[in-house]
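> First, the structure itself, so that you have it in front of you.
The values are calculated or read from the model by the stated rules, or taken from the named source; none is laboratory data. What you are looking at is a predicted structure, and each value in this text was computed from that prediction instead of being measured. Ideal geometry is used to build each Cβ from the backbone, glycine not excepted, and the neighbour counts take in all protein chains shown. For the accessible areas, the whole protein counts, side chains as well, though only heavy atoms, and no ligand, DNA or RNA atoms are used. Shrake-Rupley method; radii C 1.70, N 1.55, O 1.52, S 1.80 Å.
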Amino acid sequence: MAVQHFDFLVLGLGGVGSATLYHLASRGYQVAGIDRFPIAHDRGSSHGHTRLIRQSYFEHPAYVPLVQRAFELWEQLGIEHGRDVYYETGIIECGPKDGELVSGVLASAAQHNLDVEHLSVSQARDRWPQFGFSEHDSIVYEQRAGFLLVEQCVSAHVELAQWAGAETFCDQTILEVKSESNVVRVKTNKAEFTADKVVLGVGAWARDLIPELADLITVLRKPLHWFQADDALYSRKSGCPSFLFETEAGHYYGFPSSDCRGLKVARHSGGEVVSDPLQVDRTLDETEREDVRKFLSVHLPGVSNQPTDHTVCMYSMTPDSHFVIDRSQADGRIVYAAGLSGHGFKFTAALGEVLADMASEESPAFDLSLFQRCRFD
Ligand SMILES: Cc1cc2nc3c(=O)[nH]c(=O)nc-3n(C[C@H](O)[C@H](O)[C@H](O)COP(=O)(O)OP(=O)(O)OC[C@H]3O[C@@H](n4cnc5c(N)ncnc54)[C@H](O)[C@@H]3O)c2cc1C
């Protein structure tokens, strides 16, 4: 069997890998991407129609420059590919005054001079009568926020990369990534490749393919639910924003209805631990659906009880819920982004650029110190 050689191999073609493939191919490198599944599949962490993108990042202000670059790149992707992947809806973020959500949004906004409105409960009720707010809530609204069409983002990145000369090998399982003196060798169940440099974006499978992350990442099962909703109140076209609530039962988020499936809602907190991502239970759990119904009945009381769909996806959590973006300790020719902890998709356009920089020995334009693997040593 002939071994094919490339300047770069990108392992995994989901959110991270598709964007990296695009950036490397656009720079004129000989690059190939490998994935176990077809492009934009529903077996990993990048499916389910939509992903939130927001700028005043409550999780940490260090993410803001990265998400600002991602906004630019998503817009550029839409123009280059000829179809929009980002829809601006604005986002309501609501929680207790002493909680982490609203205080975190305001801290990021202050540090980066971002435009965020802080509303009283009565102002919020007047403006969005279709939402339920309690007297104790603190509410902020950010206009520069909305959703990305997740599968279309992945396929647009891959298609543009292919048009720029990238090769893709799908339906092949990567079995081994082996460092040799002159090359990095990658074995799959069907073929063997070598490359000068390798980038990994293998999502929920990082524990298998990145040995230094084996004990750090916990994979969680995360269901998404859709419900019928009155378009006059809850559709994107009627001006309904996206939303994120911090409640006593955890964080919940969702999207205005934008297709025939209705309004999508999910619980960000919690989730069952998954030992083997290939065997994750994709069946509907009525208790989980009841939980999001309960959230809707308080905070979006006009949404119907009538479910229209559900799907199951996976979060790859690090102990502090921040990403790991680094070079392999064992071989500096191997770089990766992993442990995106359930909030990484919005960044993937920018992460692809960062990983392409790291792999090609250019300096990324961002301070990545928050994301180093050595913080866990
Ligand atoms: C329900 C849910 C809701 C979310 N909501 C948001 C949100 O609103 N906003 C946001 O920013 N983020 C959100 N996220 C997080 C975000 O979607 C993920 O962080 C991101 O999609 C992860 O991308 P990835 O490239 O790391 O993983 P993936 O997209 O899963 O890609 C990994 C790829 O590697 C391939 N692979 C792995 N191992 C092998 C192997 N051995 N051989 C061959 N191929 C392999 C897989 O097949 C897969 O295609 C959400 C995630 C979930 C699950």
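> At a temperature of 25 °C and a viscosity of 0.890 mPa s, determine how fast the stretch 222-377 diffuses translationally according to Stokes-Einstein, using the Kirkwood radius over alpha-carbon pairs as Rh; express D in µm²/s, rounded to the nearest whole number.
Rounded, D is 137 µm²/s.
> Quick one: if the Förster radius is 35 Å, what FRET efficiency do GLU180 and ASP320 give, using the C-beta to C-beta distance and rounding to 0.05?
With R0 = 35 Å, the Cβ-Cβ based efficiency is 0.55.
> Which order, highest average first, do 286-297, 139-150, 19-30, 269-280 follow once you tally other Cβ atoms within 10 Å for each residue and take the mean per peptide?
For the peptides 286-297, 139-150, 19-30, 269-280, the packing ranking is 19-30, 139-150, 286-297, 269-280.
> Further, regarding this structure: Would you mind computing, in nm to one decimal, how far apart the modelled labels at SER304 and GLU361 are, each placed 7 Å from Cα along Cα→Cβ?
Going from the SER304 label point to the GLU361 one covers 6.2 nm.
> For LYS346, give me every one of the lysines with a C-alpha distance below 29 angstrom, ignoring sequence neighbours fewer than eight places off in its own chain.
Candidates past the 8-residue exclusion: LYS97, LYS197, LYS222, LYS237, LYS264, LYS294.
> Shifting gears a bit: Run through the DSSP bridge list for the chain and note the antiparallel percent, rounded to the nearest 5.
In the chain, DSSP labels about 70 percent of beta bridges as antiparallel.
> Moving on to the next point. Restricting to Cα atoms and excluding each atom paired with itself, what does the Kirkwood estimate give for the stretch 10-81 in Å?
Computed over the stretch 10-81, the radius equals 14.0 Å.
> Under a Cβ-Cβ cut-off of 11 Å, what is the net charge of the residues other than GLU151 that fall near it, where Lys and Arg count +1 and Asp and Glu count -1?
0
> Using Cα pairs closer than 8 Å and at least 6 residues apart in sequence, work out the relative contact order for the chain, in percent.
23
> Kindly write out, for the stretch 42-54 in residue order, the coupling ³J(HN,Hα) from the Karplus curve 6.51 cos²θ - 1.76 cosθ + 1.60 (θ = phi - 60°), rounded to whole Hz, with x marking Gly and Pro.
With coefficients 6.51, -1.76 and 1.60, one gets 10, 10, x, 10, 10, 8, x, 6, 9, 9, 5, 10, 9 Hz.
> Give me a comma-separated list of calculated 3J(HN,Hα) values for the stretch 142-159, in order, Karplus coefficients 6.51, -1.76, 1.60 applied at θ = phi - 60°, integers in Hz, x for any Gly or Pro.
10, 6, 7, 6, x, 9, 10, 7, 4, 5, 5, 4, 5, 6, 5, 4, 5, 4
> Still on this structure, I have one more. Which semi-axis lengths, in whole Å and largest first, follow from the square roots of five times the eigenvalues of the Cα gyration tensor of the stretch 130-264?
Equivalent ellipsoid of the stretch 130-264: 42, 20, 13 Å, largest first.
> Taking amide H positions as placed 1.01 Å from N in the peptide plane, with prolines and chain starts having none, which residues 5 or more places from GLU192, or on another chain, fall under 5 Å of its amide H?
Excluding prolines and chain starts, which carry no amide H, the hits are GLN4.
> Show me 52-65, 197-210 ranked by packing, highest mean number of other Cβ atoms within 10 Å first.
197-210, 52-65
> Return, for the Cα atoms of the chain, the radius of gyration and Dmax in Å, separated by a comma.
20.6, 70
> When the helix-only estimate is applied to the chain (DSSP H runs of n ≥ 4, each -39,500 (n - 2.57), divided by the residue count), what is the mean residue ellipticity at 222 nm, nearest 500 deg cm²/dmol?
About -7500 deg cm²/dmol.
> For the stretch 71-137 and the stretch 180-233, write down the distance between their C-alpha centroids in whole Å.
Cα centroid to Cα centroid, the span is 29 Å.
> In nm, what is the difference between 0.36 nm times the number of residues separating ASP98 and ILE79 and their Cα-Cα distance?
Result for the pair: 2.7 nm of gain on full extension.
> Using only the Cα atoms of the stretch 201-268, what semi-axes does the equivalent ellipsoid have when each is the square root of 5 times a gyration tensor eigenvalue? Give whole Å, largest first.
Listed largest to smallest, the semi-axes of the stretch 201-268 are 34, 14, 9 Å.
> Give me the percent of accessible area attributable to carbon and sulfur for the chain, probe 1.4 angstrom.
About 47 percent, which is the carbon plus sulfur part of the accessible surface.
> About the Cα centre, and with charges only on the beta carbon of Lys, Arg (+1) and Asp, Glu (-1), how big is the dipole of the stretch 231-369? Nearest 20 debye, please.
580
> Continuing with the same structure: Could you calculate the contour length gain from GLU135 to ARG27, that is, 0.36 nm times the residue separation minus the distance between their Cα atoms, to one decimal place in nm?
Stretched fully, the GLU135-ARG27 segment lengthens by 33.5 nm.
> For the stretch 54-168, state the semi-axes of the equivalent ellipsoid (square roots of 5 times the eigenvalues of the alpha-carbon gyration tensor), sorted largest first and rounded to whole angstrom.
Working through the eigenvalues yields semi-axes of 34, 16, 11 Å.
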